[in-house]
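Please read the structure below before turning to the comments.
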Amino acid sequence: MYNHKEIESKWQKFWADNKLYQAKDDSKKPKFYQLETFPYPSAAGLHVGHPKGYIAEDIHARFTRANGKEVLYTMGWDAFGLPTENYAIKVGKNPKEVAAENIANFKRQVQMFGLSYDWDREINTSSPDYYKWTQWLFIQLYKKGLAYRAKAKINWCPNDQTVLANEQVIDGKCDRCGTVVIQKEMEQWFLKITDYADRLLADLDGLDWPEATKQMQKNWIGRSEGADIDFKVDFESEPNFLILHGYTGLPGKNFIPWLKQEIESKGYKVQAPEMPNSNDPKEEEQVNFVLQNCKIDKNTIIVGHSLGCVVAQKVLMRHNSRIMGLILIASATDKTFPGSIERPFWKNFSWDIDYEKVKELTKFRTVVSDLLEDKKRGEYLKFLKEKLGSGFFETTASKQHFTDLQEPELLKVVLPKIKVFTTRPDTIFGATYMVLAPEHPLVSQITTKEQKNYVVNYVESAAKKTELERTALEKDKTGVFTGAFAINPATKDKIQIWVADYVLSTYGSGAIMAVPAHDERDFEFAKKFELPIVRVVNDEGDRRLPYTREGRIMNSGKYNDVSSSTIRSQMAKDFGTPKVQYRLRDWSISRQRYWGVPIPMINCEKCGIHPVPEKDLPVVLPDDVDFRPKGMPPLASSEQFLNVSCPNCGGPAKREPETLDTFFDSSWYYLRYTDPHNDQEIFEQSKVDHWMPVDLYVIGPEHATLHLLYSRFLTKFLFDAGFVKVAEPFNKLRHLGLIQGADGQKMSKSRGNVVNPDEVVESVGADSMRIYEMFMGPFEDGQPWNTKGLIGARRFLDKVFRTISNEVRNPSQERSLPSVEMGLHKLIKKITSDIPNFKFNTSIAAFMEFLNENKQMSKANWETFLILLAPFAPHITEELWSQLGQTDSIHTQPWPKFDEKMTEDKNVKIVVQVLGRVRATLDFPVGTSQDEVRLKVIVDPNVKRHLEGKQIVKEIFVQDKLINFVVK
RNA sequence: GCCGGUGUGGCGGAAUGGCAGACGCACACGACUCAAAAUCGUGCGAGGUUUCCUCAUGUGGGUUCGACUCCCUCCACCGGCACCA
């Protein structure tokens, strides 16, 4: 029995005092960068499963150093995030305090295992010296247009009054309190990871990653090849258009001539009058002018822009008879509306609009809003939408307030087309109806009066559904007919347009052409609602529908009788535009929580959103804030934090009160390790270029689509921006299997099966724990913890200690036997190939076998044995190394070389088979010929017995391995 | 449903076309001991007519002189995605 406590603490201190594991930036040796997931320091501390990956990497790092590389291997803390914040709320402390305690505990635990980190490079994401650069990175993304604000549905827990990350929603419920999570629409910051979808997919091919992980990323990115195809909405009768320009506008200005021409080119009549006194407009004068000079009938669609919207409604009230529709583009705002900016025409206009009457006189109404404009107009337009019960089309103008010469978005509203994405353009002749997602902007515009109630009810109830309800298994298809029709561009048939929630607003264009004969979902829907089904792909052997595979085209005019796969791309071009669609969505990074990196943006009332100037970074997270969840970002309640002067105009402005998703903090930490204390820049270019890319990353498979995808995205961004020279951060990746509790279940406090490493190290020592965890089984598999097995590992180390201590006391031999020498060379060979392949379990088996067979050998050979074992059990080997009289550290010794000749046996056992069954094994010198082997072997009594009375028809001979007689 | 992975003694596992079960745990017996622990040694898939033979790597089939290993079918479990057009 050796005293592990004494030995382990003695050598840990020695290594730290001598800075044995410092990674030198200017080393002449080739570099090797090893990374491991920096931990989230939770209040619970580590369990024995956590260090498994660290131990494996430490073995690899020690091995790699011994093989002459300069190894960068270090540790840090992913310290921001919700668990710490929640725990702080529970115990009534500040998260900062809690995080510091947790880090101290984690560091103590991690240091017990004898890991060869360069502690001088330790980082902490919640420290201002780190998050200053997190903020800087966000600003660089913003400057390149890759960070943007948009409205999105987020997960909201009504009980905790807080936003939840996707990872915190388990089966549609809040993982803290079990409340069903609802979807809430909110303005959020996003990162445009979708811009990189194609490269994130393509570059996977060159990486040494587990295939399963690459596959998971591929599925997550979800590339589909197909086509965008436009379907025209069919007007019930031929419409004509009347376009009314706004204040200071002219029919020859802005988009109006272009729009007029576009509509006329489709064969419709357009009136675009110049209104009197455009620079000083008066209501009476303009309305009278339109009524006297323009032709308005039941098929007229009035399109108003800005002040023209007010004129349009007044004209309609006076006209007092039904028209087809009203399209209000960026309407001028009512002066009574809060926050409206005073306009000179107010004195000559009134907003006493009878919205009920306007509704009555129009078949449809649509309000168009430009996202570039200030919030006040947006709010007014929403108010207008409510009053008119209209469709709402929110979009981005080419120029603010739709003032560019061409505004293509408007064409989509005025002459509505439904764009669909399909992967099967070859089946377009079978598109017998269309479906819009309930959130599709055209829904209310195209819905007919008769269907209005059904559609409104359906859309409302769809909006109210929780994610859980919408994704429930084997859900029945639901939907309603809008009353409107579209034209199938292939068949020219009028087809029904439906609204159904089986079409997702977030994928493609939120609309589909339904081909029930060749799509299971469309088929199910068509059956239920008795919609037509037309087969357009034939298969001789299979008459069943839906038929979703390839076949011969039928019922498709000139395309008939060719194979669907051949004609697909041609039909994509003939009816639409070929397109690649990705499943990947942009990365939502706003969090309405306290314990995170403040988003470094400032919102000025006058001049909009600006990044915090780089010289003012970091935006420090204030300590004196009430951080309990109240349904709004906690930082918004701190006036002191919030109020700031605008970096552009100097006027009063407000800081962004939200914080960043902690995945953002951890998506670039590996770059910071290369230059962790730089306060001038995120990292020195020469240092990051020297160390990157990461040569080995050990990480749990659960990070496949989150951290690993985000990190690849940010690296690609920094590559494009010229900050790093690598486009991929992690060359080689290995996963670790989780250690389970003794009951075979995942270790967790609630199951009561957690094993604390403090107790393990206390009782048997870190070296035994290291040996045991590596011996449990294949590194990438998970195995249950078995304390008896741990004791087996300790027994092995005791035996090593006993055997070598004995050697120290009574040196047995000057020289080892040749068979012992050969065994040692085989061992060197085995360990040397096992470590880079992560086959630690078989390495340890080989050490055990060697020790079982060889109790006596020379001191030099024991030293070699110890060097081989040192990466696995660094403390005990260092101790024995010193007991053998060495004065320098074993961990600075070069890795032993083996002689290939010494690993080759002189004699081999040859297996003798008769009809493939083993009948004998006999020793032969290496290289014995087939004839010699046969002669010796057939006289073996057992072999002879099996050959007796049989005729040898064939003889298989594998040199030095096997001879097999095939008999009859 | 789709994608990926796994399946070998009582247990963790080894063997990637050539002696299935290395190594360890558990168990049994023996040595040492007054005794226990520790240590050392022996045995340890199932069955049989036991120097040997048969069966056996989730199931059923195939390829091969020979299959845990390669191919096909099905089953079970694990992980991921899930109305993605």
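The values are calculated or read from the model by the stated rules, or taken from the named source; none is laboratory data. For clarity, every value in this text was computed on a predicted model and none was experimentally measured. A quick note on method: Cβ atoms are made from the backbone with ideal geometry, for glycine too, and the neighbour counts reach across all protein chains shown. Each accessible area value is taken on the protein alone, full model and side chains, heavy atoms only, with ligands, DNA and RNA left out. Shrake-Rupley method; radii C 1.70, N 1.55, O 1.52, S 1.80 Å.
Results for (1) within 8 Å of RNA strand B (Cβ to nearest atom); (2) in a loop (DSSP other than H, G, I, E, B); (3) among the aromatic types (Phe, Trp, Tyr); (4) surrounded by 17 or more Cβ atoms within 10 Å (Cβ to Cβ), shown as yes or no for each residue.
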{"site": "A:Thr478", "(1), (2), (3), (4)": "yes, yes, no, no"}
{"site": "A:Thr482", "(1), (2), (3), (4)": "no, no, no, yes"}
{"site": "A:Asp501", "(1), (2), (3), (4)": "yes, yes, no, yes"}
{"site": "A:Leu504", "(1), (2), (3), (4)": "yes, yes, no, no"}
{"site": "A:Arg544", "(1), (2), (3), (4)": "no, yes, no, no"}
{"site": "A:Thr548", "(1), (2), (3), (4)": "no, yes, no, no"}
{"site": "A:Asp561", "(1), (2), (3), (4)": "no, yes, no, no"}
{"site": "A:Arg568", "(1), (2), (3), (4)": "no, no, no, yes"}
{"site": "A:Asp574", "(1), (2), (3), (4)": "no, no, no, no"}
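Filtered by the rule that a residue be farther than 23 Å from A:Lys69 by Cβ, away from RNA strand B (no atom under 16 Å from the Cβ) and aliphatic (A, V, I, L, M), segment A:858-898 gives A:Ala860, A:Leu880, A:Leu884. Residues that are farther than 30 Å from A:Thr482 by Cα, within 16 Å of RNA strand B (Cβ to nearest atom), open to solvent by less than 10 Å² (accessible area, probe 1.4 Å) and not hydroxyl-bearing (Ser, Thr, Tyr) within segment A:210-253 comprise A:Gln217, A:Ile221, listed in sequence order. Taking every residue in segment A:940-951 that is free of Cβ contacts under 8 Å to residues at least 12 places away in the same chain and closer than 21 Å to A:Phe924 by Cα and pairing it with any residue that is open to solvent by less than 90 Å² (accessible area, probe 1.4 Å) and of a type in the set (S, T, N, Q), at least 6 positions away or on another chain, yields no pair with a Cβ-Cβ distance below 6 Å.
Going through (1) farther than 11 Å from A:Leu824 by Cα; (2) modelled with pLDDT of 95 or more; (3) in a helix (DSSP H, G or I) one by one, A:Pro871 falls short only on (3). When segment A:601-620 is filtered for residues that are surrounded by fewer than 13 Cβ atoms within 10 Å (Cβ to Cβ) and within 18 Å of A:Ala147 (Cα to Cα), the ones remaining, listed by number, are A:Pro613, A:Glu614.
Of the residues examined, A:Phe840 is not one that is at pLDDT 95 or above, over 28 Å from A:Tyr33 (Cβ atoms) and within 16 Å of RNA strand B (Cβ to nearest atom). The helices (runs of 4 or more DSSP H) falling completely within segment A:779-868 that include 3 or more residues that are closer than 20 Å to A:Phe63 by Cα and open to solvent by 50 Å² or more (accessible area, probe 1.4 Å) map to A:818-834.
Figure legend. Inter-residue proximity from segment A:511-525: first residues in contact (Cβ under 8 Å) with a residue 12 or more places away in the chain, second residues of a type in the set (Ser, Thr, Tyr) and open to solvent by 40 Å² or more (accessible area, probe 1.4 Å), beta-carbon distance below 8 Å, spacing 6+ or different chains. Indicated pairs: A:His518/A:Thr548; A:Asp519/A:Thr548; A:Glu520/A:Thr548; A:Arg521/A:Tyr502; A:Phe525/A:Tyr502.
Note on segment A:15-49: among residues that are open to solvent by 50 Å² or more (accessible area, probe 1.4 Å) and farther than 22 Å from A:Gly76 by Cα, the one that is nearest to the chain's Cα centre (by Cα) is A:Pro30. Can you find even one residue in segment A:938-951 that is of a type in the set (A, V, I, L, M, F, W, C) and closer than 30 Å to A:Gly114 by Cα? For segment A:938-951, residues of a type in the set (A, V, I, L, M, F, W, C) and closer than 30 Å to A:Gly114 by Cα: absent.
Selection of segment A:671-697 for residues being of a type in the set (A, V, I, L, M) and farther than 12 Å from A:Leu718 by Cβ yields A:Val694, A:Leu696.
I need the full set of residues from segment A:404-441 which are farther than 13 Å from A:Ile512 by Cα and of a type in the set (A, V, I, L, M, F, W, C), in order please. Residues satisfying the conditions are A:Leu405, A:Leu410, A:Leu411, A:Val413, A:Val414, A:Leu415, A:Phe429. Among the residues making up segment A:481-516, those that are under 15 Å from A:Lys528 (Cα atoms) and among the aliphatic types (A, V, I, L, M) are A:Val499, A:Ala500, A:Ala514, A:Val515. Going by the conditions given, is A:Asp198 at negative phi, open to solvent by 20 Å² or more (accessible area, probe 1.4 Å) and assigned to a helix (DSSP H, G or I)? Criteria met by A:Asp198.
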